[in-house]
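Here the structure comes first, spelled out in structure tokens, and everything after it is commentary.
The values are calculated or read from the model by the stated rules, or taken from the named source; none is laboratory data. Because the structure is a prediction, the values reported are computed rather than measured. Backbone-built Cβ (ideal geometry, glycine too); neighbour counts: all protein chains shown.
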Amino acid sequence: MIEARAYAKLTLSLRVLPPLDSGLHPIAGRFQSIAWSDHLELGLAETDSASTSNGGPVIDGMHNLAWKAVAAVRETAVTRPPLALKLDKSLPVAAGLGGGSADAAAALAMAGTLLGADPAVLADLAPTLGSDVPFCLLGGSALVSGAGERLEPAPALAGFALGIVVPPIEVATPAVYRRWDELEGPQGRALPAAALPPALRGEPAVNDLAPAAIDVAPEIAEWRSELEHRWSRPIALAGSGPTLFAFFLDIDEAEAAIEATPTGSRAARAAKPVDFGWTLQSEEGGRVVDSRGRAVETLDG
């Protein structure tokens, strides 16, 4: 049996360009893995099975993206044994944190290890599962372009923490992109340099989807305004939303801010950036590796 942790993706910045003939919007941004994760288990079984627990309305069974990742790897393998997948959700769904993509990336790694798949095969499968899966398979910090499939690993980020709040709102990403087109491609507001950790002050912290997301769901602006009042700093929207976040000096300061979060949020968390998208333990008590191929001390990285 193999265990893994799948880490959330936070969109620190996002530039959006007009759609191509295919309908896809080219993007340019920085994605960051953060210390907020789901737990997965995969092992040999008598018959195929896949189940989820916690986390709200998660797609269960064989329709879950994590199981689709397992099945895709198995299709490339010489031997194709029955497998059992268990997914324990901690990441909120439909929040713009890439939880489903993170689970799929970790499932690719687990199935690849169990069935002896070449890492190049996993990289080829990742974009077929979703535009965020290639980043989640790599993890850490990366500059992302194209439709999300072009990744340039960036130096690890450290020396700060994040306060993250998921309002009680669900926003469909396709609807936000459609509204962005209808609004003729508005640009987002840039966070002032003073609100950014030093490692990020050399690049613009802008989210071009923010105006469209707020137009689709005006409640996002209300939550952002309330958090800016309570936290005394600018608040950013992650991708198409609804997740909101801000930068803090350390985890203690971020946790204090989370304690002041308005009631009614779907989730709220203080988290540090991490330099991996998943961690994997190939057997009970065995060696643990992360998404960059490095040995780590614990499954949590």
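Residue 45 meets the stated requirement of being aliphatic (A, V, I, L, M), farther than 26 Å from residue 174 by Cβ and at pLDDT below 95. Residues that are in a loop (DSSP other than H, G, I, E, B) and within 17 Å of residue 278 (Cβ to Cβ) within the stretch 131-148 comprise 132, 139, 140, listed in sequence order.
For the criterion of being of a type outside the set (Ser, Thr, Tyr), farther than 23 Å from residue 35 by Cα and within 22 Å of the chain's Cα centre (by Cα), residue 212 passes.
For residue 149, indicate whether it is of a type outside the set (Ser, Thr, Tyr), at pLDDT below 95 and over 28 Å from residue 249 (Cα atoms). So residue 149 passes the test.
Here is a yes/no grid of residues against (1) among the aliphatic types (A, V, I, L, M); (2) surrounded by 14 or more Cβ atoms within 10 Å (Cβ to Cβ); (3) touching a residue at least 12 places away in the same chain (Cβ under 8 Å); (4) over 28 Å from residue 192 (Cα atoms):
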| site | (1), (2), (3), (4) |
| --- | --- |
| 224 | no, yes, yes, no |
| 235 | yes, yes, no, no |
| 240 | no, yes, yes, no |
| 250 | no, no, yes, no |
| 258 | yes, yes, yes, no |
| 265 | no, yes, yes, no |
| 281 | no, yes, yes, yes |
| 293 | no, no, no, yes |
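Being assigned to a helix (DSSP H, G or I) and modelled with pLDDT of 95 or more is a property that does not hold for residue 162. Summed over the stretch 165-181, residues that are over 10 Å from residue 212 (Cα atoms), aliphatic (A, V, I, L, M) and not in a loop (DSSP other than H, G, I, E, B) total 2. Residues in the stretch 126-143 that are in contact with a helix residue (DSSP H, G or I) (Cβ under 6 Å, 6 or more places away or on another chain), surrounded by 22 or more Cβ atoms within 10 Å (Cβ to Cβ) and closer than 17 Å to residue 97 by Cβ: 129, 132, 133, 134, 136, 137.
Number of residues in the stretch 1-55 that are in contact with a strand residue (DSSP E or B) (Cβ under 7 Å, 6 or more places away or on another chain) and of a type in the set (Asp, Glu): the value is 4.
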